[in-house]
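The values are calculated or read from the model by the stated rules, or taken from the named source; none is laboratory data. All values derive from a computational prediction rather than experimental measurement. In this analysis, Cβ positions are derived from the backbone assuming ideal geometry, glycine residues included, and neighbour counts consider all displayed protein chains.
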DNA sequence: TTTGAATTCAAACGCTCGTTTGAAAAGGAT
DNA sequence: ATCCTTTTCAAACGAGCGTTTGAATTCAAA
């Protein structure tokens, strides 16, 4: 395999990450990708066997990028208490979302998949384990009692991950009916508020208060 | 306008609600809609001027259905305290999402729009005010101090609305890596958990504790 | 320098999409 | 029954999609 081939493959993947993160798997076209990569349209089928094969490669590359680039290190998070870990988790990702780098794009792809899952992604999830899940589990476990059933654990993980999804398209806040001006100050405030709300929400798991009339009447774990 | 015309229009709108809620505006095709409505393909252009015109009509019908059918009545919610209102808000919508009626479909359409907004919907939002926004504002105000700036108010409203979006596709929880069995019991538990977390999260707005180290240390407003 | 495999490329294929067209059918008024 | 408008309908259009094809080109090994 020559040097030029590597560069074609790489630029295709790079362009695909940009396009798929902006428009999703179905919405992103091979024509747009090859044009951005300055490659021939048939190159995708030649190198990856088709659009789906390219997407699989994008998912792999994204997972790797996340593992290498993310400041969300499992060891670092393990050393923190619950609130600290949540704050780091939220702020790191909120920052990444507003950058347009690989990390932010990976998260956007992931969010596209939460609304309209492609079977490529489902197959991918069934075999590979995403580091973001392990990190979310690590954080959530700081709040949940030890004996928590797996079902509850997964609900909490799912919920924590979704808190980021919510703000994956902050442009929405700039349109009606919200009409917010999203300067850096507002984004910081958003991160603080979201962290505080997430911490308080996860703290409700401390004691099993299901079916209680006023579930908010206890909170504030002192972890 | 004859009786038959009304029925064609209505069955087109009805079919469109079903299709658009399942696949979004871009993903739903006029071929599928006309087939479900047992109408000719050109009928959409004749009656509504095109796919976009039909979608506008769907949005109108959905808003009306929501106003008429939703148990989320502004007067009823106004009489409740914060936690009660949140619980009603969450549970009502969670139930609607799992039904496949007009109300559930309206909410699914709305969620599609949060990820990939159509300009039809943006135009719609710019002119018409959605009742769900007013209800969310009403609830959020029970938790926010009186002097809260509009920016913070909108963040809280946006966040509250997103809590429902999160669970708009509960099927996701049934696939890897979650693999949950979503029987009625699990859905009830999910509603309870989500209500409790939402109440606790909104309670953090009671006092301005931005930059505080442990924002969860107070909760439970007694409105 | 020759040879054969790897890679690029322009063109075309088959499909689905939203929309247009012009004629046929249906309905209501006179 | 006639006439004119409203509504339906099958067919076709043009555009975009992912993919295939087969020839041209590039490249490294012999």
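Which of the numbered conditions does residue B:153 fail, given that it passes all the others? Conditions: (1) modelled with pLDDT of 85 or more; (2) more than 8 Å from every other protein chain (Cβ to nearest Cβ); (3) in contact with a helix residue (DSSP H, G or I) (Cβ under 6 Å, 6 or more places away or on another chain); (4) farther than 23 Å from residue A:113 by Cα.
(3)
Would you tally the residues in the range B:61-75 being in contact (Cβ under 8 Å) with a residue 12 or more places away in the chain and over 23 Å from residue B:116 (Cβ atoms)? Spell out the reasoning first.
Of the residues in the range B:61-75, the ones in contact (Cβ under 8 Å) with a residue 12 or more places away in the chain are B:61-63, B:65-67, B:69-72, B:74.
The next check asks that each one be over 23 Å from residue B:116 (Cβ atoms); those that pass are B:67, B:69-72, B:74.
Result for the range B:61-75: 6.
Please count how many residues of the range A:34-47 are near DNA strand D (Cβ under 8 Å from one of its atoms) and under 29 Å from residue A:170 (Cβ atoms).
Selection size over the range A:34-47: 0.
Just for helices (runs of 4 or more DSSP H) wholly inside the range A:1-60: which have at least 3 residues that are without any contact (Cβ under 8 Å) to a residue 12 or more places away in the chain? Before the answer, list the steps.
Details: elements: A:3-27, A:30-36, A:42-48.
Because the criterion is at least 3 residues that are without any contact (Cβ under 8 Å) to a residue 12 or more places away in the chain, the helices (runs of 4 or more DSSP H) in the range A:1-60 that meet it are A:3-27, A:42-48.
Just need a number here: residues in the range A:61-74 that are in a helix (DSSP H, G or I) and in contact with a helix residue (DSSP H, G or I) (Cβ under 9 Å, 6 or more places away or on another chain).
8
Working only within the range A:102-136, note down all residues that are more than 14 Å from the chain's Cα centre (by Cα) and more than 19 Å from residue A:27 (Cα to Cα).
Residues satisfying the conditions are A:123, A:124, A:126, A:127, A:128.
Please pick out the residue among B:82, B:27, B:50 that is within 14 Å of chain A (Cβ to nearest Cβ), more than 11 Å from DNA strand D (Cβ to nearest atom) and within 28 Å of residue B:123 (Cβ to Cβ). Step through it out loud before you land on a result.
Working: B:82 fails: within 28 Å of residue B:123 (Cβ to Cβ); B:50 fails: within 14 Å of chain A (Cβ to nearest Cβ).
Result of the check over B:82, B:27, B:50: B:27.
Yes or no: residue B:4 near DNA strand C (Cβ under 9 Å from one of its atoms), modelled with pLDDT of 95 or more, over 23 Å from residue B:119 (Cβ atoms) and more than 14 Å from chain A (Cβ to nearest Cβ)? Explain how you work it out, then say what you get.
Details: near DNA strand C (Cβ under 9 Å from one of its atoms): yes; modelled with pLDDT of 95 or more: no; over 23 Å from residue B:119 (Cβ atoms): yes; more than 14 Å from chain A (Cβ to nearest Cβ): yes.
No.
Do we find a residue being surrounded by 14 or more Cβ atoms within 10 Å (Cβ to Cβ) and farther than 30 Å from residue A:204 by Cβ anywhere in the range A:81-102?
Yes, some residue in the range A:81-102 is surrounded by 14 or more Cβ atoms within 10 Å (Cβ to Cβ) and farther than 30 Å from residue A:204 by Cβ.
Residues in the range A:31-43 that are near DNA strand C (Cβ under 10 Å from one of its atoms) and surrounded by 15 or more Cβ atoms within 10 Å (Cβ to Cβ): how many? Lay out the reasoning, then the answer.
Restricting attention to the range A:31-43, the residues satisfying the condition of being near DNA strand C (Cβ under 10 Å from one of its atoms) are A:31, A:34, A:37-43.
Keeping just the survivors that are surrounded by 15 or more Cβ atoms within 10 Å (Cβ to Cβ) gives A:34, A:37, A:39, A:43.
Counting residues in the range A:31-43 that are near DNA strand C (Cβ under 10 Å from one of its atoms) and surrounded by 15 or more Cβ atoms within 10 Å (Cβ to Cβ) gives 4.
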